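Reviewing the structure listed below.
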Amino acid sequence: MKIALIQPVIVPGDREMNCRKIAKAVRAAAANGADIAVLPELWDVSFYPPDVLNLADAGGEKTKEFLHDLSEACHIQIVGGSVARREGGTLYNTTYVFDEEGNLAASYDKCHLFTPGREDDVFTAGKRLNTFYLGDVPMASIICYDLRFGEWVRLAALSGAKILFVPAAWPVERLKHWQILNQARAIENQFFVAAVNSCGSCGAFHFGGHSMLIDPWGEIIEEGGDGEEIITAEIDLSQVDDIRRQINVFRDRRTDLYQLEGKR
């Protein structure tokens, strides 16, 4: 399986420009033989302009049409990062996943909102995990700050996911955390991690790039720099089963102990 990580400089608030950039990148990834193209968090407007509510896609309809047409035309699976979706006066940070025939395979609203950036003042949190299949491969996706919550990611692994997608708008000043946490999630859950960050800036936020594809041993297969690019690499999914046979952490879990004792 060949995965392309689309790492763009997102133009804050300019959905039309960003759609053109994403379409060009996805077409290039498909022409290069990629099976899956992965987009970053809030690729439509960036993270996030002051008027994000007004800029948001009502019901996600424009985004779904755009990703449907793009996946179908390029015959490529798309893990659509996330976009700002408006439902009435409520705003969500939403992922859409499309298969290579242009069918909607999954959607997800970011569940852990970044309180240091006041994301929780603007967006509403989701309430469910995102697990899905593309072809016959079980997969899962989260969004950015979700990465810091190991319990959430472990649920994806327990569901059977062999690949975790992590679209993000991760700041450059915490780039080390981005690298370590993605590797840790891959190691502890013994699956591939495809982590896609944006680059450039939006107001006070400066994004760090360094999108990464990581194997189930935690080894970085490919990593981008801090500028606009497409990072592409092949993965061998049989590696997941091989590693889980060698070190079966799922069998060896002690769920009987994983409960906090009551306060005395």
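Read-outs: derived from the displayed coordinates by stated rules, not from any lab. Keep in mind the model is a prediction, meaning the values are calculated, not measured. Quick reminder, even Gly has a Cβ in these numbers, built from the backbone with ideal geometry, and neighbours come from all protein chains shown.
Based on Cα positions only, what radius of gyration and what Dmax would you give for the range 2-246, in angstroms?
Final numbers for Rg and Dmax: 16.2, 51 Å.
Along the charge dipole of the range 59-142, pointing to its positive end and built from +1/-1 on Cβ of Lys, Arg, Asp and Glu, which listed residue (G60, L129, L113) has its Cα farthest out?
Sorting the options by dipole projection puts first L113.
Suppose only helical runs count, i.e. DSSP H with n ≥ 4. What mean residue ellipticity at 222 nm does that imply for the chain under -39500 (n - 2.57) per run, divided by all residues and rounded to the nearest 500 deg cm²/dmol?
-8000 deg cm²/dmol
Could you list H210, H177, H68 so that the one with the fewest beta carbons within 10 Å of its beta carbon is first and the one with the most is last?
Fewest to most other Cβ atoms nearby, the residues stand as H177, H68, H210.
About its Cα centre, what dipole magnitude does the range 92-188 give when the only charges are +1 on Lys and Arg Cβ and -1 on Asp and Glu Cβ, stated in debye to the nearest 20?
360
Between S238, L155, I187, whose Cα lies farthest towards the positive end of the dipole of the range 2-246 when Lys and Arg beta carbons carry +1 and Asp and Glu beta carbons carry -1, centred on the Cα centre?
Sorting the options by dipole projection puts first L155.
Which residue, chosen from Q7, G33, N197, occupies the Cα position most advanced towards the positive end of the dipole of the chain, where the dipole is computed from +1 (Lys, Arg) and -1 (Asp, Glu) charges on Cβ about the Cα centre?
N197
Let me know the charge dipole size of the range 55-148 about its Cα centre in debye, to the nearest 20, where only the beta-carbon of Lys, Arg (+1) and Asp, Glu (-1) is charged.
It comes to approximately 440 debye.
How much FRET efficiency would the formula 1/(1 + (r/R0)^6) give for T90 and A204, where r is the Cβ-Cβ distance and R0 is 22 Å, rounded to 0.05?
0.30
At R0 = 30 Å, how high is the FRET efficiency between L104 and F250 if r is their beta carbon distance? Nearest 0.05 is fine.
0.50
Rounded to the nearest 20 Debye, what is the dipole magnitude of the chain about its Cα centre when Lys and Arg each give +1 and Asp and Glu each give -1 at the C-beta?
780
I want to check the label-to-label distance for L155 and V9. Put each point 7 Å from Cα in the C-beta direction and report it in nm to one decimal.
Here the answer is 3.8 nm between the modelled labels.
Give me the count of lysine pairs in the chain whose alpha carbons sit under 29 angstrom apart, restricted to pairs 8 or more positions apart or on different chains.
Close lysine pairs found across the chain: 27.
Among T124, T131, T90, T95, which comes first, then next, by fewest other beta-carbon atoms within 10 Å? Intermediate values should be presented prior to the final figure.
Values: T124 14, T131 19, T90 11, T95 27.
The most exposed by this proxy come first: T90, T124, T131, T95.
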